[in-house]
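Coordinate-derived values only; no laboratory data. Being a predicted model, the structure only gives us computed values, none of them experimental. Positions of Cβ are backbone-derived with ideal geometry, glycine not excepted, and every protein chain shown enters the neighbour counts.
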Ligand code: SIN
């Protein structure tokens, strides 16, 4: 693969990087509010290739006001987050949530209804009430479908598929030295690798919005699609923006365990447990009762840790999810996709227990944003899984993530619509400096490092951590960093090399953050620091 020498330059009012729920919702809202603005979305694969599409469970929001209220949803979110959440952010998201979900319904999103026409509300781990709006077991697919259709119908949004954002453009590219304490670092757009034409384009924008999602591909067992390589977080870190709480990597307790490895690992939604599914060991023990009085419906960090412990104590690769007591028609109606997938693996959920094991699922830390979605870099906003907004604390409550994407997309839109006219495009930005035209000699240099970094993260920075494991991990990560930077500087740009580079940055951020947190809290469980500290602080890296 060669990068051509020619470089294209584009200017746009707003550049959005990423096309999941946060990026697309923001684009639609801004395009409607300001039809005079030119909005450009770049996305590294196809428009609907995002983590959003893979979300099964649904969107949690207070809907049935006879039984539920904001206080309960706020309390559940704080409890799941082990009280490390930012209470103001939690209150804002939970109270704004129903309005944002209503808009999504007005745009055409379908959610399952009961016979009386009311929405059917599901339950998931850590929720004290039924409040999860869902569409069968493919809610994310339905949300993404709705948003993609809307975006395609709006004239002032242009979408560029197969455009991989490489670096944020800041004053650094004008030769200025930028550090984490530089007070006026500004974003001017991004350098983007056009994967089809093999050229690096300069996209200059008044405002840039990062909505690139998480980095589940850092672990070999993950529910996340191939593209989840933490590109936005890594770019902002390199641009000296603030990143926080990266140690809180959420492992979903129940990915389908298959003998032949598959990637991504198929998710068996937490909604199945909300519908009565019970976690058991092979001999049928309802083991979760030993760990938490909420049993199989305890928050995810507790359930994933309990499964990990049972697997280690018993020397097995999985536990089981038992749904055999659920009536077949009821199960198939609610979980058609899961049912079909199980059958295709030779498992009949009505007769056999479903083998499950934890898999990396969600990053609760990321780019620090305030309630308006502003980052520490001027003219740069971020939303969704790429961010640390304070909503999730040390462990995200199930189905709060699509909600977060919707709410922050709205807030960013309100803010940008007001301030964008004051911002100028910076035309002095140079084009990308091509330093090498050499192909990497052997792809194995990239694929082997990727395999090794995933092994290191799985073995040393997984569900249970300790200081020796973290130290081993950081030593190895620094070596991969050095080798990969050398390769990056001496080779032409390729998607695989850039993704590896970003994943190594994320590995460093997760491991360093975990080393810096001297407590066990939420998803950061370190046997050398078994207690929770009495105060709340961010782990900035
Ligand atoms: C699930 O369906 O279990 C995933 C939902 C989520 O991650 O919030």
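For the reader, a short list of remarks on this structure follows.
- One decimal place: the segment residue 130-residue 444 gains 108.2 nm when fully extended, by the rule 0.36 nm per residue minus the C-alpha distance.
- Spacing of the two label points (7 Å from each Cα toward its C-beta) at residue 352 and residue 172, in nm: 5.0 nm
- Sorting the segments 343-352, 373-382, 175-184 by their mean number of nearby beta carbons within 10 angstrom, highest to lowest, gives 373-382, 343-352, 175-184.
- Packing order of peptides 510-516, 25-31, 383-389, highest average first: 383-389, 25-31, 510-516 (average count of other Cβ atoms within 10 Å over each peptide's residues).
- The convex hull of the Cα atoms of segment 300-430, projected and averaged over all directions, covers 13.3 nm².
- Angle in degrees between helix 139-152 and the longest Cα principal axis of the chain, rounded to the nearest 10: 30 degrees
- Contact order relative to length of the chain, as percent, for alpha carbon pairs under 8 angstrom and 6 or more apart: 22 percent
- Once the Cβ-Cβ distance of residue 71 and residue 343 is raised to the sixth power relative to R0 = 41 Å, the FRET efficiency obtained is 0.45.
- The length gained by stretching the chain between residue 535 and residue 64 to full extension, at 0.36 nm per residue less their Cα-Cα distance, is 166.1 nm.
- Residue 87/residue 421 FRET efficiency (R0 41 Å; Cβ-Cβ; nearest 0.05): 0.75
- Spacing of the two label points (7 Å from each Cα toward its C-beta) at residue 293 and residue 226, in nm: 4.8 nm
- Taking a ≥ b ≥ c as the square roots of the eigenvalues of the Cα gyration tensor, segment 195-317 is classed as prolate, since a/c reaches at least 1.5 and a/b is larger than b/c.
- Cα centroid of segment 248-290 to Cα centroid of segment 122-200, whole Å: 29 Å
- Residue list for segment 39-74, given a label point 7 angstrom along the Cα-to-Cβ vector of residue 196 and an amide N cut-off under 17 Å: 40-49
- Hydrodynamic radius by Kirkwood, which averages 1/r over all alpha carbon pairs of the chain, in angstrom: 23.5 Å
- Segment 251-331: C-alpha gyration tensor shape, a/c 1.5 cut-off, then a/b vs b/c: rounded
- Using the Cβ-Cβ distance between residue 261 and residue 431 with R0 set to 60 Å, the FRET efficiency from 1/(1 + (r/R0)^6) comes to roughly 0.90.
- For segment 1-116, radius of gyration divided by Kirkwood radius, i.e. Rg to Rh on alpha-carbons: 1.08
- Crossing angle, helix 87-106 versus the chain [Cα axis fit, 0-90 degrees, rounded to tens]: 90 degrees
- Between segment 456-534 and segment 317-367, the Cα center-to-center distance that results, in Å: 30 Å
- Taking a ≥ b ≥ c as the square roots of the eigenvalues of the Cα gyration tensor, segment 137-257 is classed as oblate, since a/c reaches at least 1.5 and a/b does not exceed b/c.
- Counting 0.36 nm for each residue step from residue 184 to residue 153 and taking away their Cα separation leaves a gain of 7.4 nm.
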